[in-house]
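One structure below.
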Amino acid sequence: MREKDPNLEGYVITLNSFASQRDVPPVKSMHFYTASKYAVKAIVQGLRTELKELGSPIRISQINPQRVATPMSLEALGEEAYKHVAPLVMQPEDIADAVVYILSTPTFMQVNDLTIANMKEPPRW
């Protein structure tokens, strides 16, 4: 990429998790999930630093949403619990709006991390 056009503009947006911003929860087996999200955070920060050192105009952002109504949430909670939680959590469209916001920023700006908490959902840990 660098060899072809060092002035190539672009945007890399990663979808991570609210878990990357929190301590490891006291929930069985969540430590693996949280560790993987910390790893994604570190990789994104490293890539951002590398691009900046190269003088690249490519911007990189990370979105860290709290719980979103997805098949993963359904699987993690089970159908009965999901029925009670689903109305309280964010919808995929809410995260899409965040992506649109990031892409709409001027080219001299970079949204590093956007952590999105849901005001309706109580903290989990």
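Just so it is clear, none of the values below were taken in a lab; they were calculated from the coordinates. It should be emphasised that the depicted structure is a prediction, and the values quoted were computed from it without experimental measurement. Reconstructed Cβ throughout: ideal geometry from the backbone, glycine too, with neighbour counts over all protein chains shown.
Loop sites only, by DSSP: take the trypsin sites (Lys or Arg not before Pro) in the chain that have at most 11 other C-beta atoms within 10 Å and name the longest stretch containing none of them.
Longest stretch, sites excluded: 29-119.
Under 19 Å from a point 7 Å along the Cα-to-Cβ line of Lys120: which residues of segment 39-70 have their amide N that close?
Those under the cut-off are 65-70.
Using a basic spin-label model with each label point 7 Å from the Cα along Cα→Cβ, how many nm lie between Val100 and Glu80?
3.9 nm
Determine one quarter of the surface area of the Cα convex hull of the chain, which equals its mean projected area, and express it in nm² to one decimal. Walk me through the numbers before you get to the answer.
On the way: hull surface 35.5 nm².
Mean orientational projected area (the chain, Cα hull): 8.9 nm².
Show which lysines lie in cross-link reach of Lys120 when reach means a straight Cα distance below 29 angstrom and same-chain residues fewer than eight apart are skipped.
Qualifying lysines at Cα under 29 Å: Lys28, Lys37, Lys41, Lys83.
Calculate one ³J(HN,Hα) per residue across segment 85-98 by plugging θ = phi - 60° into the Karplus curve 6.51 cos²θ - 1.76 cosθ + 1.60, and present them in order as whole Hz with x for glycine and proline.
8, 3, x, 9, 9, 6, 9, x, 4, 5, 6, 4, 4, 5
Using 0.36 nm per residue of separation minus the Cα-Cα distance, give me the extension gain between Tyr33 and Ser73 in nm, one decimal. Present the calculation step by step, with values, prior to reporting the outcome.
Numbers: separation 40, 0.36 × 40 = 14.40 nm, distance 1.31 nm.
Going from the current span to full extension adds 13.1 nm.
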